[in-house]
Each structure stands twice: as structure tokens, then as C-alpha cells.
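A short write-up of the structure that comes next.
The values are calculated or read from the model by the stated rules, or taken from the named source; none is laboratory data. Predicted, not measured: the structure shown is a model, and the values here were computed from it. Virtual Cβ from ideal backbone geometry, glycine too; neighbours counted across all protein chains shown. These accessible areas exclude ligands, DNA and RNA; they are computed on the full protein's heavy atoms, side chains included. Shrake-Rupley method; radii C 1.70, N 1.55, O 1.52, S 1.80 Å.
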Amino acid sequence: MKIKAYTLFTDSHKVFLDNYLLSSFPFREEVELNLVYRPQHCKSGNFEESGWRETMRDKATCFLDGIKRCKEDEIFMFIDPDIQLFKDFYDDVLHSIKEVDVTFQNDVIGGVNTGFFAVKNNKQTRSFFKTVLGNLDSFAQEQELTNHLLRNIDQYPSIAIKWNLLPDKYWTYGHIAAQRSDKTENGCKGGWKPEADNFEIPKDIVMHHGNWTSGIENKKALLDIVRKKYEDLVQ
């Protein structure tokens, strides 16, 4: 089965595309990777700063356009550029999506993650992602809106997709951020900071998404730390 994968990047995130995603991508005949360049609306490239919403609109547009370009027997995937892959994801994705319409990376307390997911092209999924694109003005970002729709999916029968989560070996620091802590107001450890390098990654890790931190340099540092931890695991 063919997978049409898309990644969208701006100038600020080209460093992630070049040094992490493309350098680690497990290229194979069944997966077509499409690179989508868009203008730098958010000058800082930082989460939810000025211009972030416009980039999220570009991202949601990419979702819908990419799905529509797939044939009925093809799968659309979206992969953020701040992702590094340690193994081939093809068989896992096909297995996870077999009985559902969409399979997402688990962002733990962040809900589903719209930076790494796979979608079957069908009427329901096209309607769902058209709804995401059409309602972005009411939400800070497309991931928040996607989670809102999924939590309330019974209220929206015309877009009631079936979905599940990829296993935890499709990893994000959100698994650490969600752990209990008495030192924070919300009782969770929270996002990654440069001094927090004492954490474990799954022994069977397939990929790492460099979210749950703020700023370009912190993202690069976190990706590098996880890469080193993986290298230590396989030595």
C-alpha cells in the first residue's frame, strides 16, 4: 500500500528538515515524501508567537490538500520537520491504521499530536480535516482544534472518524512532561529545559518528535540528546 507523506517547513525550520528528518528518513519504494515550503509568517519560529496561527493554517491546508491527492488505496501522512527516525515506520503505520481512519502520535497530556499521523482518504476524513481548516480562527492552533473535535466526535456525526494512537515507541517528551511533580502548579513535570537531560527513552524507540520545548535552539538540543541516548542504547 502506498503512503504519501508530507512535511511542511519554513526558513526557521529548514535546519530540522535537513539535519534531523531527511538525514534519518527510512526511504523506501512504498513511501513518497513530499516537501512543502511555506513563507515565514512567525518570525521567531517559536510556539504560538506572532504569525504562528498563519503557519498553522498553512499546515491544515496541507493536511486537506494532501488527503485529496491520495487515491482510495493510498494513505496520507503528515510528518513535522522536527522529527528524527531511528527505524522504519511503514509496517507499524499500516498495522495501526488497519481498523481505523486515522492513527496519531500520542502527545499524552497534549492529546493527539498532529505533527505525526496517518490518514485513509475517504469521505469522513476529508470532511473532518475540512472542518479543522474551516474553524481555525476559533482556536490557537490546529492540534487544539483537532483534539476538541475528537473529544466531542459524537456531536458531529458527519465527521465522526475512527481513530487510535500509535504505540509509545513513537515518542515525544510529553511522556516525561506528564509525569507527576510536586514542584509545579499543575502537578506535572512540564516541558523540557536544557538542564533536564536525565530521562529515559523507550528501548524500542522508532521516532522522536522534538516538541515539548520552546525555541529553535532548545529543539535542536533536545533532538541531539535523544539521538545520543539512542546511540548509547544500540551500542
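Working from label points 7 Å from Cα in the Cα-to-Cβ sense, the Met1 to Gln40 distance is 3.9 nm. In the range 14-165, taking the dipole from charged Cβ atoms about the Cα centre, the farthest positive-side position among Tyr20, Val102, Ala160 is held by Ala160. Shape call for the range 105-195 from the C-alpha gyration tensor, a ≥ b ≥ c root eigenvalues: rounded (a/c under 1.5), prolate (a/b greater than b/c) or oblate? Prolate shape, in that a/c is at least 1.5 and a/b is the bigger ratio.
Using a probe of 1.4 Å on the protein chains alone, the accessible area found for Asp168 is around 80 Å².
Give, as a single signed number, the net charge of other residues whose beta carbon lies under 12 Å from the beta carbon of Thr114, with Lys and Arg counted +1 and Asp and Glu -1. Charge balance near Thr114 sits at -3. The trypsin sites (Lys or Arg not before Pro) of the range 81-165 that meet both conditions, a loop assignment by DSSP and at most 12 other Cβ atoms within 10 Å of the site Cβ, are Lys98. Once the Cα-Cα distance is subtracted from the 0.36 nm per residue extended length, the Glu72 to Asp168 segment shows a gain of 31.7 nm.
Computed extension gain for Ile109 through Ala196, at 0.36 nm per residue and net of the alpha carbon distance, reaches 29.4 nm.
Just list whichever of Lys203/Lys229; Lys14/Lys203; Lys183/Lys228 have alpha carbons separated by over 19 Å in the model shown.
Listed pairs above 19 Å: Lys14/Lys203; Lys183/Lys228.
With each label modelled as a point 7 angstrom along the Cα→C-beta vector, the Asp58-Asp232 pair spans 3.6 nm.
At the residue level, His148 shows approximately 50 square angstrom of accessible surface with a 1.4 angstrom probe and all protein chains present.
Computed from the C-beta positions of Asp18 and Ile216 and an R0 of 22 Å, the FRET efficiency is 0.95 to the nearest 0.05. Sequence-distant contacts, meaning Cα pairs under 8 Å at least 6 residues apart, place the relative contact order of the chain at 20 percent.
What relative contact order, as a whole-number percentage, does the range 114-227 give when Cα pairs under 8 Å and 6 or more residues apart are counted? Intermediate results must be reported in sequence, preceding the final value.
Working: 107 pairs, mean separation 23.2, N = 114.
Relative CO of the range 114-227 lands at 20 percent.
Mind listing which GluC sites (Glu not before Pro) in the range 142-229 are in a DSSP loop and have 12 or fewer other Cβ atoms within 10 Å? Working shown, then result.
Values: sites: Glu142, Glu144, Glu185, Glu195, Glu200, Glu217; in loops: Glu185, Glu195, Glu200.
Here the GluC sites (Glu not before Pro) that fit, given the DSSP loop and packing criteria, are Glu185, Glu195, Glu200.
Of all aspartates and glutamates in the structure, those lying under 16 Å Cα to Cα from Lys87, and not within fewer than 8 positions of it along the same chain, are Glu29, Glu30, Asp168, Asp204, Glu231, Asp232.
Can you give me the Rg/Rh ratio for the chain, using Cα atoms for both radii and the Kirkwood formula for Rh?
Working: Rg = 17.1 Å, Rh = 18.2 Å.
My calculation puts Rg/Rh at 0.94.
Would you mind classifying the range 140-193 by shape? Square roots of the alpha carbon gyration tensor eigenvalues, ordered a ≥ b ≥ c; an a/c under 1.5 is rounded, otherwise it is prolate if a/b is larger than b/c and oblate if not. Taking the square roots of the gyration eigenvalues as a ≥ b ≥ c, the range 140-193 is prolate. Computed from label points 7 Å out along Cα-Cβ, the spacing between Gln179 and Glu99 is 3.2 nm.
Roughly speaking, to the nearest percent, how much of the chain's 1.4 Å accessible area is carbon and sulfur?
On the way: 5420 of 11420 Å².
It is 48 percent, rounded to a whole number.
Averaged per residue, the range 162-233 has 55 square angstrom of accessible surface, using a 1.4 angstrom probe with ligands and nucleic acids left out.
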